[in-house]
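The values are calculated or read from the model by the stated rules, or taken from the named source; none is laboratory data. The model shown is predicted, which means the values in this text are computed figures rather than measured ones. Here the Cβ positions follow ideal geometry from the backbone for every residue, glycine too, while neighbour counts run over all protein chains shown.
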Amino acid sequence: MRAPYTFVALLLVAGCSSAAQPKLGPEINVPAQLNTIQAAVDAAAEGTTITVSPGVYQESVQVRTKGLTIRGTQRGSVIIDGEVKRPNGFVVTAPDVSIQNLTVRNHTLNGVLVTGLSQDGGMGRGSTGYTKLDTQKFPPLQGFRVSYVTASNNGLYGIYAFDAQHGVIEQSYASGSADSGFYVGQCKPCDIVVRGNVAERNAVGYEGTNASGQMYVLGNRFSGNRVGMTSNSDYQEAFVPQEDAMFAGNLVSDNAEALSPAQADGAFGLGVGIAGGTRNVLTRNLITGNPGTGIALGSSEDLAPLDNRFDGNVITHNGQDVLYVATQRAPGRNNCFDGGRCYSGVGEQMKKPAAPRGIPFNQVAAPPNQPEMPSDPLPDKAPNAEKYGVPTEDLFLDRAAVRS
């Protein structure tokens with residue numbers, strides 16, 4: 001389910017601040033003390049909390065100081081606006097940074113990008129063609145948190161973690177992404193939790209590429225996209241194959257939204273796609289109302305689907321509930337569902353349903369109001385996957401615009 005240009009992220013490097021400039025902290029208020037978020041980030045000492053008051057901030061914020069917390073006072077009114085001319089809302093290349101309770105919109109690439117990838121001259125990339133990222137030169141970023149963030153109308157990804165580990169993406173909302181609303185790529189082990197989020201009106205709700213080991217996707221609503229949720233292996237990123245991820249308690253429904261950006265490979269009407277994945281566990285998900293296929297399980301180039309397990313899911317009212325499409329080049333093995341039904345060897349050929357043309361990312365409807373981050377401390381980063389049961393179709397319906 002990969003689209004082209006998945007792996008290129010342009011990082012605009014801000015000018016360096018003077019070495020003599022004193023660092024501020026432990027709190028900075030924007031715009032009361034400094035006019036822009038970037039000015040506050042540049043002035044902040046490690047561990048500072050930057051509190052941002054309502055306003056439209058027309059900037060692209062580069063975060064290169066460890067341990068900062070950037071928190072909006074009103075989620076829907078603190079807006080980082082790319083005006084469809086700046087590539088990224090936030091680019092986080094320092095560890096242990098938290099982005100909280102604000103909106104990022106109208107960027108030509110990403111709303112929030114968290115990555116260990118940075119280069120002098122301002123270009124960061126996952127790969128060029130089939131030249132893989134040097135993971136020794138660019139080791140993964142260690143630790144991040146994105147909480148209660150609204151990411152709308154961004155040209156590639158809403159919230160994008162690439163070459164990063166030990167993080168949480170939670171209670172956030174993504175729409176109008178021309179690739180995927182939420183993306184985790186190139187980590188092993190990831191130690192990343194994606195939980196309690198809503199993705200709608202994206203090309204893909206959630207995508208994980210070569211996201212392996214301690215990778216948890218829990219209790220999310222992936223409904224009303226073109227494709228709901230995918231996990232795949234891809235040679236254009238390091239750490240092939242994708243393996244050992246858990247998907248529990250997610251609602252993946254009604255993914256046939258025409259008023260969304262078209263995905264480059266034209267997929268439409270698909271709930272869950274697993275391509276070339278190994279030892280993934282899908283448990284207690286509700287996968288329903290997807291007019292093409294509920295679950296499509298197949299190969300990726302010469303990478304076979306191996307030892308994937310599907311337990312306790314409710315898979316119903318899809319055009320076809322399960323489709324096994326492993327190829328002759330990469331036949332699968334031991335992909336097993338409840339009741340001892342397993343798929344191995346070569347599958348059938350997948351036929352893609354006709355897909356509507358789609359609309360430009362910046363023309364996707366504005367998101368509905370989203371809940372504010374509570375004043376109580378956020379829960380710890382532990383996944384606690386066992387607490388997620390099969391959801392109902394009204395999961396986070398109060399946060400969604402697309403209804404069944």
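Annotations
- Output for the stretch 228-252, where each listed residue is assigned to a strand (DSSP E or B), over 13 Å from the mean Cα position of the chain (by Cα) and either of a type in the set (S, T, N, Q) or buried (at least 24 other Cβ atoms within 10 Å of the Cβ) (or both): Asn232, Ala245, Phe247, Ala248, Leu251, Val252
- Pick from the stretch 164-189, criterion surrounded by fewer than 24 Cβ atoms within 10 Å (Cβ to Cβ) and charged (D, E, K, R), ranking: farthest from Asn220 (Cα to Cα): Lys188
- Scanning the stretch 254-300 for residues that are under 15 Å from Tyr343 (Cα atoms) and hydroxyl-bearing (Ser, Thr, Tyr) yields a count of 2.
- Of everything in the stretch 201-215 that is within 12 Å of the chain's Cα centre (by Cα) and not hydrophobic (A, V, I, L, M, F, W, C), the residue that is surrounded by the most Cβ atoms within 10 Å (Cβ to Cβ) is Asn202.
- Of the criteria (1) surrounded by 19 or more Cβ atoms within 10 Å (Cβ to Cβ); (2) closer than 16 Å to Gln142 by Cβ, which one Lys66 fails: (1)
- Criterion: of a type in the set (D, E, K, R) and buried (at least 16 other Cβ atoms within 10 Å of the Cβ) - qualifying residue of Asp321, Asp338, Asp311: Asp321
- Selection within the stretch 77-97 - of a type outside the set (D, E, K, R) and part of a strand (DSSP E or B): Val78, Ile79, Ile80, Asn88, Gly89, Phe90, Val91, Val92, Val97
Residue-by-condition table, conditions (1) under 12 Å from the mean Cα position of the chain (by Cα); (2) among the aromatic types (Phe, Trp, Tyr); (3) farther than 16 Å from Gln263 by Cβ:
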site: Ser152; (1), (2), (3): no, no, yes
site: Leu156; (1), (2), (3): yes, no, no
site: Asp163; (1), (2), (3): no, no, yes
site: Ser172; (1), (2), (3): yes, no, yes
site: Tyr183; (1), (2), (3): yes, yes, no
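- Residue within the stretch 271-293 that is farther than 17 Å from Arg226 by Cα, polar (S, T, N, Q), under 21 Å from the mean Cα position of the chain (by Cα) and surrounded by fewer than 24 Cβ atoms within 10 Å (Cβ to Cβ) present: yes
- Checked against the criterion of being more than 19 Å from Gln242 (Cα to Cα), surrounded by fewer than 24 Cβ atoms within 10 Å (Cβ to Cβ) and in contact with a helix residue (DSSP H, G or I) (Cβ under 6 Å, 6 or more places away or on another chain), the candidates Gly143, Gly155 yield just one match: Gly155.
- None of Phe310, Phe239 is in contact with a Cys (Cβ under 8 Å, 6 or more places away or on another chain) and modelled with pLDDT under 95 except Phe239.
- Listed conditions (1) of a type outside the set (S, T, N, Q); (2) without any contact (Cβ under 8 Å) to a residue 40 or more places away in the chain; (3) surrounded by fewer than 22 Cβ atoms within 10 Å (Cβ to Cβ) are all met by Val78, apart from (3).
- Some residue of the stretch 352-364 being more than 30 Å from Ile99 (Cα to Cα), over 20 Å from the mean Cα position of the chain (by Cα) and not in a loop (DSSP other than H, G, I, E, B): no
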